[in-house]
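Notes follow the structure.
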Amino acid sequence: MCLGVPGKVISVNGLIATVDFFGVTKELRLDIVDEPVQPGDYVLNHVGFAIRRIPPSEVGETLALFDQILKEAESGDLMAEDVRGEMAAGRTKG
Amino acid sequence: MPAPDLFQELKFRDPARARALSEALHREAKAIGRSPIPLMHVCGSHEQAIARFGLRAVLPRELEVIMGPGCPVCITDTPEVDEAVALAAQGAVVCTYGDMLRLPGNSRSLADARTDGGSVEVVYSVAQAVEIARQRPDREVVFFASGFETTAVATAAVVLSEVPRNFSVLSAHKYVPAAMEVVAEMEETNIEGFIAAGHAATITGWGIFEPFARRTGTPVVVAGFEPLDVLAAILECVILIKEKRPEVMNCYPRCVTREGNRPAQEKLWKVFQVADGVWRGIAAVPRGNLELRPEWDHLNARRRFRIDTSKVGGAEKNLLAEQCICGSIMSGLANPKDCKLFGKECRPETPVGACMVSSEGACKIWHMYGGLPDLREVG
């Protein structure tokens with residue numbers, strides 16, 4: 001529940017960002033992020049809210065961990081489930 | 001020293017760095033010259049990383065890395081669950097995060113409430129609970145809010161934005177620094193260093209731990225969730241213990257700063273205030289609960305409704321639950337394998353205690369990934 005998952009910002013519209021999480025597109029709220037967010041930035045998503053802007057230069061290792069977890073995970077893997085739960089917390093665009 | 005090929009098995013992306021970290025850990029722990037040296041982390045996601053990647057197998061035998069009260073679902077107290085169950089029985093639509101569904105109250109869980117005909121909806125975000133309230137203007141929609149400060153800021157953001165009149169919050173949010181104080185005072189556990197949760201510190205900043213470290217004489221290291229992040233943080237903590245420096249070290253600088261996320265903190269404290277609480281299995285935790293401030297009474301389910309838990313609480317005694325040692329596990333006094341119910345009567349499909357319910361509970365994590373490696377005996 002505190003894991004959070006990083007995604008890449010595609011576009012920003014007021015307090016809503018459209019964010020790509022490993023190929024899944026979701027809308028996140030920007031009410032509580034600490035810095036202005038722009039397309040191309042990465043943000044850490046927790047329960048549907050961006051809680052931190054991560055500079056693209058620093059995101060590498062973080063992304064690799066999540067990528068590995070999502071690819072390798074067997075069904076029922078707790079970390080992968082939590083990551084997918086965080087992804088599901090974003091609003092489906094539409 | 002662990003066998004070299006172990007690192008391949010652990011699937012570190014950088015086995016050489018992992019080996020270097022492990023060797024440094026062995027050297028520094030030995031230099032302290034006593035055993036065991038208990039360290040505590042307070043985050044379910046850390047336990048997942050430690051257990052999933054088998055990190056305890058590469059730790060020196062002097063080190064004990066214990067999971068403390070780091071699972072917000074597990075420490076949600078039974079009367080809080082009873083309130084949510086009662087609200088569902090009284091006709092409200094109760095929305096909550098998935099792990100809360102099967103958390104036992106005194107005698108019923110929200111899953112039971114649903115079986116009994118109550119409306120219980122699982123959401124991944126408090127924003128989804130607000131959407132449900134918009135879609136169902138004829139019903140009272142209560143968000144049963146669990147989680148530490150990282151999750152509470154999302155609830156705060158929603159309270160501060162426009163919400164429909166039929167939406168309210170039943171807060172079971174908790175404040176981690178308060179529980180660290182309680183555990184640090186427990187003589188039985190004798191924790192020598194803390195690993196703090198990276199994403200909670202993203203919000204609060206690492207500076208919040210400085211008075212704690214000074215007062216308790218216990219170093220605190222903020223860690224990320226990469227296997228190597230966790231090992232590096234453990235190494236820093238061991239070095240601080242060796243050098244008798246009760247300081248705070250930030251090993252997760254890409255997400256955590258000293259001052260943290262100021263706008264989020266402002267929102268958090270505009271909506272919530274700390275209150276003395278009881279954490280399931282732990283004890284009374286002074287200033288450990290986050291309750292809505294009085295100006296939000298109109299959104300506070302405890303103020304808005306007369307919640308009658310007398311019909312849902314504590315009817316029959318649960319003999320199995322009395323044998324559960326979740327409290328000792330969350331205080332760092334025991335590990336899941338010390339419990340005679342673990343993996344037998346208590347399993348993820350049929351949880352007896354709170355720690356087997358949540359994906360962040362120590363028992364569920366150990367059940368999935370294993371906990372203490374057998375290597376300790378042979379290595």
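Laboratory data are not the source of any read-out in this text; all were calculated from the coordinates shown. Since this is a predicted model, take the numbers as computed values, not measurements. Cβ atoms come from the backbone with ideal geometry, glycine included; neighbour counts cover every protein chain shown.
Key figures for this structure:
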read-out: Solvent-free Debye scattering, log10 I(q)/I(0), computed from the Cα coordinates of segment A:5-88 at q = 0.22 Å⁻¹; value: -1.00
read-out: Relative contact order %, segment B:220-379, counting alpha carbon pairs below 8 Å whose residues are six or more apart; value: 11
read-out: Per-residue Cβ neighbour rank within 10 angstrom, fewest leading, B:Arg134, A:Arg84; value: B:Arg134, A:Arg84
read-out: For chain B, built as a Gaussian network whose Cα springs stay under 10 Å, the top-fluctuating residue of B:Asp77, B:Asp276, B:Asp14; value: B:Asp14
read-out: Among B:Leu235, B:Leu160, B:Leu87, residue whose mean-square fluctuation peaks in a GNM of chain B (springs only between Cα atoms under 10 Å); value: B:Leu160
read-out: Longest to shortest principal axis, alpha-carbon extents of segment B:319-368, angstrom; value: 25, 25, 15
read-out: Rounded to the nearest 20 debye, dipole of segment B:40-189 from Cβ charges on Lys, Arg, Asp, Glu; value: 580
read-out: Within chain A: Cβ-based charge dipole about Cα centre, in debye rounded to nearest 20 (Lys, Arg +1; Asp, Glu -1); value: 400
read-out: FRET E, pair A:Asn13, B:Arg303, Förster distance 30 Å, beta-carbon r, rounded to 0.05; value: 0.30
read-out: Segment B:109-151 pair-distance distribution - Cα-Cα, 10 Å bins, rounded %; value: 25, 50, 24, 1
read-out: Sequence-distant residues sharing a close amide H with B:Val248 (under 5 Å, placed H); value: B:Val220
read-out: Computed log₁₀ I(q)/I(0) - Debye formula, equal Cα scatterers, no solvent, the protein assembly as shown, q 0.07, 0.10 Å⁻¹; value: -0.33, -0.70
read-out: Furthest towards positive pole of dipole, B:Ala57, A:Phe49, B:Ala24, structure part the protein assembly as shown, Cβ charges; value: A:Phe49
read-out: Å³ per residue enclosed by the Cα convex hull of chain B; value: 136
read-out: Max mean-square fluctuation residue, GNM over chain B, Cα-Cα springs under 10 Å, options B:Pro263, B:Pro227, B:Pro219; value: B:Pro263
read-out: Cα-projected label distance for B:Leu372 with B:Glu266, points at 7 Å along beta-carbon direction, nm; value: 4.9
read-out: Lysine pairs with alpha-carbon atoms under 22 Å apart, chain B, spacing 8 or more or separate chains; value: 10
read-out: FRET E, pair B:Lys344, B:Ala283, Förster distance 25 Å, beta-carbon r, rounded to 0.05; value: 0.40
